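Q: Before we start, here is the structure in question, set down as structure tokens.
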Amino acid sequence: MCTRIFNNFNNSFLTTARNMDWATQMATTIFAFKIDNDQPMVKSGTSIRNEKTLVWTAQYDSIVTMIESKVTTDNSKEKEETIFGASDGINSVGLVANLLYDSNATYHRSNGSSCKNLDVLRWVQFVLDTCCSVEEVVNKFNKDASVQIQLIGGKVPGSESEASLHLAISDVLGDSAIIEVNQGQFRIYQNEKFRVMTNEPSYARQIELNQFWEWQWSNQNNFPSNTLPGGPFPSDRFARASYYLNHLYEPVSISDSLTQSKSVVMNASVPVNFNSKLKKHPNIAQTLWTTVASHNELTYYFCNARTIGNIWMDLNQMELFPSSVSQLIVVNENQDLTFENKSLYGFQNENFKETSDPFSINL
């Protein structure tokens with residue numbers, strides 16, 4: 001489930017697109033965080049803070065898509081709080097972060113006693129708040145980082161599934177990286193050619209599998225084949241996205257790049273209410289929504305699979321957001337546990353509502 005592609009064939013028109021796939025609908029809200037120099041945004045890496053919690057101050061504006069769920073906090077079921085998970089976003093210097101499911105992720109590390117703790121559901125927000133480039137993100141998570149970070153797992157909001165995740169990052173320089181987590185250790189794959197990511201197997205194995213397909217399509221093959229796997233499995237989606245992305249003409253405008261990226265990632269989407277008959281397969285699920293981010297233009301597009309309209313936000317017009325932290329609900333979970341997909345269309349900065357920061361240490 002989930003596919004991410006990075007269209008970096010022309011550094012003047014860089015775009016990243018991703019599909020969010022999940023078996024059931026999920027309450028989804030887009031947040032806008034606007035830096036206020038008079039009131040710094042200090043954030044906590046965990047919901048319950050202690051001396052091991054990673055704490056940071058946001059340095060950049062950001063627009064972030066979060067999934068959420070309401071949980072009761074006492075046995076009487078009278079107290080309720082909302083759990084948020086940052087899954088996708090862009091910051092004001094054109095860094096994009098996409099969090100995708102990875103069934104192989106394991107977070108516990110044997111030497112983690114001196115590490116600072118960061119909830120995996122806050123990973124995207126930390127990266128967008130504190131980093132300006134892929135290189136800076138990589139430096140924060142490599143083995144020589146001055147502050148060693150321990151990711152803390154949990155449940156996907158609104159689900160009993162473990163939040164087993166890996167991270168893709170791309171920037172305005174055209175750089176790209178994939179960060180996997182195995183026994184708490186970060187495996188980092190950094191290269192501008194790492195344009196496609198799905199779920200499993202490991203990224204190293206995905207690269208090997210893709211080399212076979214690239215040879216099939218290339219002139220090195222005396223009898224090249226343009227056949228493609230058409231299924232919803234991660235390796236199928238990886239091959240399809242890679243094929244179409246690498247057979248595009250170089251974009252000559254931002255419109256070219258945006259529409260190319262959207263159409264390629266849509267080709268890797270899974271239809272709404274898709275019945276795979278493989279109920280227990282962790283990596284086959286319907287596409288809930290798609291995002292497309294323009295690194296150069298600092299615009300962020302959100303496409304709900306259950307509505308016709310597309311919406312977008314612009315980081316160049318942060319003054320239109322009503323407060324330093326504001327939100328736009330795109331999928332609401334009702335009290336009867338049904339979901340309401342908001343019928344939205346067009347530019348949305350002015351339609352956000354003031355709210356509180358779900359990761360603030362002041363909550």
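The values are calculated or read from the model by the stated rules, or taken from the named source; none is laboratory data. Please read these numbers as outputs of a predicted model, since none were measured by experiment. Ideal geometry is used to build each Cβ from the backbone, glycine not excepted, and the neighbour counts take in all protein chains shown.
One line per residue, one yes/no per condition, for (1) modelled with pLDDT of 95 or more; (2) among the aliphatic types (A, V, I, L, M):
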position: SER92; (1), (2): yes, no
position: ASN98; (1), (2): yes, no
position: THR106; (1), (2): no, no
position: VAL120; (1), (2): yes, yes
position: VAL124; (1), (2): yes, yes
position: ASP129; (1), (2): yes, no
position: ASN139; (1), (2): yes, no
position: ASN142; (1), (2): no, no
position: GLN148; (1), (2): no, no
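Q: Can you name the residue in region 181-209 that is among the charged types (D, E, K, R) and buried (at least 18 other Cβ atoms within 10 Å of the Cβ) and, of all such residues, is nearest to HIS166 (Cα to Cα)?
A: Only one residue tops the list, namely GLU200.
Q: What pairs come out if I take residues in region 332-349 that are without any contact (Cβ under 8 Å) to a residue 12 or more places away in the chain and closer than 13 Å to THR29 by Cα and pair them with residues that are of a type outside the set (Gly, Ala, Ser) and surrounded by fewer than 15 Cβ atoms within 10 Å (Cβ to Cβ) whose C-beta lies under 9 Å away, six or more apart or interchain?
A: Close Cβ pairs satisfying both conditions: GLU340/ASN332; GLU340/ASN334.
Q: Can you name every residue in region 114-139 that is without any contact (Cβ under 8 Å) to a residue 60 or more places away in the chain and either surrounded by fewer than 18 Cβ atoms within 10 Å (Cβ to Cβ) or polar (S, T, N, Q) (or both)?
A: Once the filter is applied, which keeps residues that are without any contact (Cβ under 8 Å) to a residue 60 or more places away in the chain and either surrounded by fewer than 18 Cβ atoms within 10 Å (Cβ to Cβ) or polar (S, T, N, Q) (or both), region 114-139 yields SER114, SER133, GLU135, GLU136, ASN139.
Q: Mind listing whichever residues of region 64-83 are touching a Lys or Arg at 6+ places or on another chain (Cβ under 9 Å) and modelled with pLDDT of 95 or more?
A: Those that are touching a Lys or Arg at 6+ places or on another chain (Cβ under 9 Å) and modelled with pLDDT of 95 or more: none in region 64-83.
Q: Here is a list: GLU350, GLU354. Which entry is touching a helix residue (DSSP H, G or I) at 6+ places or on another chain (Cβ under 6 Å), modelled with pLDDT of 95 or more, over 19 Å from GLY94 (Cβ atoms) and not hydrophobic (A, V, I, L, M, F, W, C)?
A: GLU350
Q: Oh, and also: Taking the conditions exactly as written (surrounded by 13 or more Cβ atoms within 10 Å (Cβ to Cβ), under 28 Å from GLU81 (Cα atoms), touching a Lys or Arg at 6+ places or on another chain (Cβ under 9 Å) and among the aromatic types (Phe, Trp, Tyr)), does PHE302 satisfy them or not? Outline the logic, then answer.
A: Details: surrounded by 13 or more Cβ atoms within 10 Å (Cβ to Cβ): yes; under 28 Å from GLU81 (Cα atoms): yes; touching a Lys or Arg at 6+ places or on another chain (Cβ under 9 Å): no; among the aromatic types (Phe, Trp, Tyr): yes.
Criteria not met by PHE302.
Q: Out of all the residues in region 194-201, is one or more in a strand (DSSP E or B) and hydroxyl-bearing (Ser, Thr, Tyr)?
A: No, that holds for no residue.
Q: Might you let me know whether region 17-28 holds any residue that is modelled with pLDDT of 95 or more, more than 19 Å from LYS155 (Cα to Cα), in a strand (DSSP E or B) and more than 16 Å from the chain's Cα centre (by Cα)?
A: No, every residue in region 17-28 fails to be modelled with pLDDT of 95 or more, more than 19 Å from LYS155 (Cα to Cα), in a strand (DSSP E or B) and more than 16 Å from the chain's Cα centre (by Cα).
Q: On to the next question. Counting only residues that are touching a strand residue (DSSP E or B) at 6+ places or on another chain (Cβ under 9 Å) and either in contact (Cβ under 8 Å) with a residue 40 or more places away in the chain or part of a strand (DSSP E or B) (or both), how many does region 36-49 have?
A: Adding up the residues that qualify gives 8.
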